[in-house]
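Chemist: Sharing a structure, written as structure tokens. Questions coming.
The values are calculated or read from the model by the stated rules, or taken from the named source; none is laboratory data. This structure is a prediction, so every number in the text was calculated from the model and none was measured. Don't worry about glycine lacking a Cβ; one is built from the backbone with ideal geometry, like all the others, and counts go over all protein chains shown.
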Amino acid sequence: MTGTGDNRARLLALYTTMCRIRAFEETALAAHKAGEIPGPLHVSIGQEGVAAGLCLNLRLDDRITSNHRGHGHALAKGAGVAGMMEELFGRAGGHCRGKGGSMHIADFSVGMLGANGVVAGGIPIAVGAAQGLKLLGSDAIVACFFGDGAINRGPFLEGLNWAALYRLPVLFVCEDNGVAAFTATASVTAGPGVAARAASLGVPGVTVDGNDAAAVDAAASRLVAEIRAGSGPQLLHATTYRLTGHTSTDPAAWRLAADVEAARAAEPIGRLRDRLLAEGIAAAELDGIRGEALAEMSAARAAALTAPWPDPAVAWEDVQDCGAMQGAD
Amino acid sequence: MAEITLVEAARRAALQEMRRDPSIWVLGEDVARGGLFGQYRGFLEEFGESRIVSTPISESVIMGAGLGAALVGTRPIIEMRIFDFVMCAMDELVNQVAKVRYMFGGQAKPAVVIRMPHGIWRNSAAQHSQMLESWFTHIPGLVVVVPSTPADTAGLLVTALRSDDPVLFFDPKNLFPLTGEVPEVIAPIPFGQARHARRGDDLTIVTWSAIVPQVEEAAGMLAARGIAADVLDLRTLWPWDEAAVVASVARTGRLLVVHEAVTTGGFGAEVVARVIERLGTAQVKAVARLGQPRVPVPFAPPLEDALKVDTAKVVAAAEALMRS
Ligand SMILES: Cc1ncc(C[n+]2csc(CCOP(=O)(O)OP(=O)(O)O)c2C)c(N)n1
């Protein structure tokens, strides 16, 4: 970030990524309601600032691990939209050939090592990927996304201790939307919070307003550079808000209407839009970005709907090399 | 050929492969000190701290980090110290290691070898003596290896370290001192091929892992009593050598499966069921399984002895099968 022009370009890049994530999620929600997408669907509407701000600072060969709410992380890391949408639809052209679905999206070609259906499941994998990269002499780093609910599971303790011990190039990203499924995380979490827990394990933690994509970008830019230079692991605690329910079918009716209204006013896309307008970017340009994103995702939905299903034979593939057929009958 | 112990055979196999392939590394508790049983003695000196990583007592991450490191192209040996501790890493093993290749449509290559010394050993009681290998044969994605001789341990470990599949390697810890001939250059032994330990036409005995020497001893005693047993040491449970077992039972008409694990739900049930599915009931005169009763392994030596499979029980089971 040197001159104003560069800064604007960066803000526009953030805005574009956030609009694409929002459009993907809205499109997926609509498709799920229409019965086009089977299975559980967790969307990240309202949380786009974290994925966008963080991944803008990653290289193609950097890796990420994600959780059950992982569409935004994958998109921001560069995963192909067609392959993602088809995966949600369970079609042959999905990144996982229709064998993973929303909860198991992965795109290894862009360093996206997988969403995860198990809360905190990505933490040990991220730590090991970093250890492997270090062994291979790479200077790539790993960003590990997880929710505030994950910090009460054992792998959080084990993983942070481990990463600190071996000074591994991992950026732990706690996307704190304040809830874990239908429970306010604060009501089940003792102590002074995730950054303090991390610090107690030798992993420095900073807290950032995750709905301010530019702030996430600035923090991530510093942390990624430090980690790549050998600082060892660090943690970014990004506060945000999940504007929709836990899954696509959850109305989240238990939340106070006033809280939801306040959160809507603070959501990240509108905030960045206001800032860009204040910097002199024309509303039409911003509308255009949003419109393009919606068109891109609608087209992906239409394509996925008519894309071929996987051949049933695919169900037998990629189990294992040795011994796959013995139990296959 | 040198006469060496089983644990030394395992050590040499890993040494040979780590010298061949710099992407192989070891992680687990105390491995830099040579491992609990000396399986990695001298490795730290030769390969250094980056490839011989003594870890915290963090089984979830030992397993999960091994997987993560495999996903970026290395080949970890994940040392579980004692089998029973893998229960602390079940999510990482069952939901992650075994699933990533399939769930991600073939993008992931979870090339890990998970070593888990198992079985009854020195009166270690219920949490350090289990044989739960049948659990893992039930999980698609995993290879299950259960050697019983020094040569097989070495050859199968070499195969495991060259495999792209996640391999569960059940070191038979009670047999670590057992000696046998192992070649200087250890060749891989294919998975899914039984070792024909003894030939006979009267009954087929299928077995694996730590109980094998006692089964072989029992077969010798049976021979002296005029009963010729055909003994197959499966060596791997997934895949397993169905063809060899079926061919043998087709000849003998009688099948006894002996394993150290609890009989109920043990892999012996699968072996018996498969053989009957293949041969039909007409060709199979009698079947039996010999394992532990369904109780935890107790501590006191007389209690442990009362429950565990031994040579005399194998002889008695075989003789009973011949009468039926
Ligand atoms: C180990 C485990 N326990 C429970 C669940 C069920 N579950 C799925 S998501 C979720 C809440 C997770 O909360 P958080 O990590 O904060 O992520 P968020 O849903 O808020 O994005 C729960 C309990 C699970 N998937 N894995």
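Chemist: Kindly provide the set of residues from segment A:14-44 that are among the aliphatic types (A, V, I, L, M) and farther than 20 Å from residue A:175 by Cβ, ordered by number.
Modeler: A:30, A:31, A:34, A:37 - these are the residues of segment A:14-44 that are among the aliphatic types (A, V, I, L, M) and farther than 20 Å from residue A:175 by Cβ.
Chemist: Among (1) in contact with a Pro (Cβ under 8 Å, 6 or more places away or on another chain); (2) over 22 Å from residue A:181 (Cβ atoms), there is one condition residue A:110 misses while meeting the rest; what is its number?
Modeler: Looking at each condition in turn, residue A:110 falls short on (1).
Chemist: Going residue by residue through segment B:192-213, is there one that turns out to be within 14 Å of chain A (Cβ to nearest Cβ) and of a type outside the set (Gly, Ala, Ser)?
Modeler: For segment B:192-213, residues within 14 Å of chain A (Cβ to nearest Cβ) and of a type outside the set (Gly, Ala, Ser): present.
Chemist: Looking only at segment B:1-41, count how many residues are at pLDDT 95 or above and farther than 22 Å from residue A:132 by Cα.
Modeler: Going through segment B:1-41 one residue at a time, the tally reaches 16.
Chemist: May I pose another question? Taking residue B:166 and the conditions (1) under 27 Å from residue B:17 (Cα atoms); (2) outside the structural domain of residue B:14 (by TED's automatic domain parsing), which numbered condition does it fall short on, given that it satisfies the others?
Modeler: (2)
Chemist: Please state which of the following conditions residue A:48 fails to meet, knowing it meets all the rest: (1) away from the ligand (no atom under 16 Å from the Cβ); (2) crowded, with 24+ Cβ neighbours inside 10 Å; (3) among the acidic types (Asp, Glu).
Modeler: (1)
Chemist: On to the next question. Restricting attention to segment B:134-143, does a residue exist that is touching a residue at least 60 places away in the same chain (Cβ under 8 Å), more than 16 Å from the ligand (Cβ to nearest atom) and away from every other protein chain (no Cβ under 14 Å)?
Modeler: Checking segment B:134-143: not a single residue is touching a residue at least 60 places away in the same chain (Cβ under 8 Å), more than 16 Å from the ligand (Cβ to nearest atom) and away from every other protein chain (no Cβ under 14 Å).
Chemist: Do we find that residue A:72 is touching a residue at least 12 places away in the same chain (Cβ under 8 Å) and within 13 Å of the ligand (Cβ to nearest atom) in this structure?
Modeler: Details: touching a residue at least 12 places away in the same chain (Cβ under 8 Å): yes; within 13 Å of the ligand (Cβ to nearest atom): yes.
Considered against the rule, which asks whether it is touching a residue at least 12 places away in the same chain (Cβ under 8 Å) and within 13 Å of the ligand (Cβ to nearest atom), residue A:72 comes out as yes.
Conditions tested, residue by residue: (1) small (Gly, Ala, Ser); (2) modelled with pLDDT of 95 or more; (3) assigned to a loop (DSSP other than H, G, I, E, B).
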position: A:211; (1), (2), (3): no, yes, yes
position: A:218; (1), (2), (3): yes, yes, no
position: A:222; (1), (2), (3): no, yes, no
position: A:250; (1), (2), (3): no, no, yes
position: A:276; (1), (2), (3): no, yes, no
position: A:281; (1), (2), (3): no, yes, yes
position: A:289; (1), (2), (3): no, yes, no
position: A:297; (1), (2), (3): no, yes, no
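Chemist: Of the numbered conditions (1) in contact (Cβ under 8 Å) with a residue 60 or more places away in the chain; (2) over 27 Å from the mean Cα position of the chain (by Cα); (3) in a helix (DSSP H, G or I), residue A:313 fails exactly one; give the number of that condition.
Modeler: Single failed check for residue A:313: (1).
Chemist: Evaluate segment A:33-45: report whether one residue or more is away from the ligand (no atom under 16 Å from the Cβ), touching a residue at least 60 places away in the same chain (Cβ under 8 Å) and within 14 Å of another protein chain (Cβ to nearest Cβ).
Modeler: no
Chemist: While we're looking at this one, here's another question. Residues to consider are A:235, A:272; find the one that is within 16 Å of the ligand (Cβ to nearest atom), in contact with a Phe, Trp or Tyr (Cβ under 6 Å, 6 or more places away or on another chain) and at pLDDT 95 or above.
Modeler: Being within 16 Å of the ligand (Cβ to nearest atom), in contact with a Phe, Trp or Tyr (Cβ under 6 Å, 6 or more places away or on another chain) and at pLDDT 95 or above holds for just one of A:235, A:272, which is A:235.
Chemist: Mind listing whichever residues of segment A:105-131 are within 12 Å of the ligand (Cβ to nearest atom), surrounded by fewer than 24 Cβ atoms within 10 Å (Cβ to Cβ) and not β-branched (Val, Ile, Thr)?
Modeler: A:117 - this is the single residue of segment A:105-131 that is within 12 Å of the ligand (Cβ to nearest atom), surrounded by fewer than 24 Cβ atoms within 10 Å (Cβ to Cβ) and not β-branched (Val, Ile, Thr).
Chemist: Next question. Out of curiosity, is residue B:32 surrounded by 23 or more Cβ atoms within 10 Å (Cβ to Cβ), more than 23 Å from the chain's Cα centre (by Cα), hydrophobic (A, V, I, L, M, F, W, C) and part of a helix (DSSP H, G or I)? Break it down into steps so the answer makes sense when it comes.
Modeler: Details: surrounded by 23 or more Cβ atoms within 10 Å (Cβ to Cβ): no; more than 23 Å from the chain's Cα centre (by Cα): yes; hydrophobic (A, V, I, L, M, F, W, C): yes; part of a helix (DSSP H, G or I): yes.
Here the answer is no, as residue B:32 does not meet what is asked.
Chemist: Restricting segment A:148-189 to residues that are assigned to a loop (DSSP other than H, G, I, E, B) and within 16 Å of the ligand (Cβ to nearest atom), which is farthest from the other protein chains (Cβ to nearest Cβ)?
Modeler: In this case the residue turns out to be A:178.
Chemist: Please enumerate the residues belonging to segment B:285-303 that are touching a His at 6+ places or on another chain (Cβ under 9 Å) and assigned to a strand (DSSP E or B).
Modeler: Correct list: B:289, B:290, B:291, B:292.
Chemist: Are any residues in segment B:307-324 over 26 Å from the mean Cα position of the chain (by Cα) and of a type in the set (Gly, Ala, Ser), and if so, which ones?
Modeler: Hits for segment B:307-324 are B:320, B:324.
Chemist: Another question, then. Only one residue in B:250, B:219, B:282 is on the phi < 0 side of the Ramachandran plot, out of contact with any helix residue (DSSP H, G or I) (no Cβ under 9 Å at 6 or more places or on another chain) and not in a strand (DSSP E or B), so which one is that?
Modeler: Going through B:250, B:219, B:282 in turn, just one is on the phi < 0 side of the Ramachandran plot, out of contact with any helix residue (DSSP H, G or I) (no Cβ under 9 Å at 6 or more places or on another chain) and not in a strand (DSSP E or B): B:282.
Chemist: Right, something else. Is it the case that segment A:180-188 has a residue that's touching a residue at least 40 places away in the same chain (Cβ under 8 Å), under 19 Å from the mean Cα position of the chain (by Cα) and surrounded by fewer than 17 Cβ atoms within 10 Å (Cβ to Cβ)?
Modeler: yes
Chemist: Related question: One residue is enough: does segment A:195-203 have a residue meeting the conditions closer than 30 Å to residue A:12 by Cβ, of a type in the set (Ser, Thr, Tyr), more than 16 Å from the ligand (Cβ to nearest atom) and part of a helix (DSSP H, G or I)?
Modeler: no
Chemist: Within the set of pairs 6 or more residues apart or between chains, which connect a residue that is more than 7 Å from chain A (Cβ to nearest Cβ) inside segment B:89-101 to a residue that is part of a helix (DSSP H, G or I) with Cβ atoms less than 7 Å apart?
Modeler: So the pair list comes out as B:89/B:59; B:89/B:60; B:89/B:62; B:89/B:63; B:93/B:63; B:93/B:86; B:97/B:63; B:97/B:67.
Chemist: A follow-up question, please. How many residues are outside any strand (DSSP E or B) and either out of contact with any helix residue (DSSP H, G or I) (no Cβ under 8 Å at 6 or more places or on another chain) or facing another protein chain (nearest Cβ under 10 Å) (or both) if we restrict to segment B:43-61?
Modeler: So the count comes out to 12.
Chemist: If you check B:259, B:196, which single one turns out to be in a strand (DSSP E or B) and surrounded by fewer than 19 Cβ atoms within 10 Å (Cβ to Cβ)?
Modeler: Details: B:259 fails: surrounded by fewer than 19 Cβ atoms within 10 Å (Cβ to Cβ).
B:196 is the lone residue from the list that is in a strand (DSSP E or B) and surrounded by fewer than 19 Cβ atoms within 10 Å (Cβ to Cβ).
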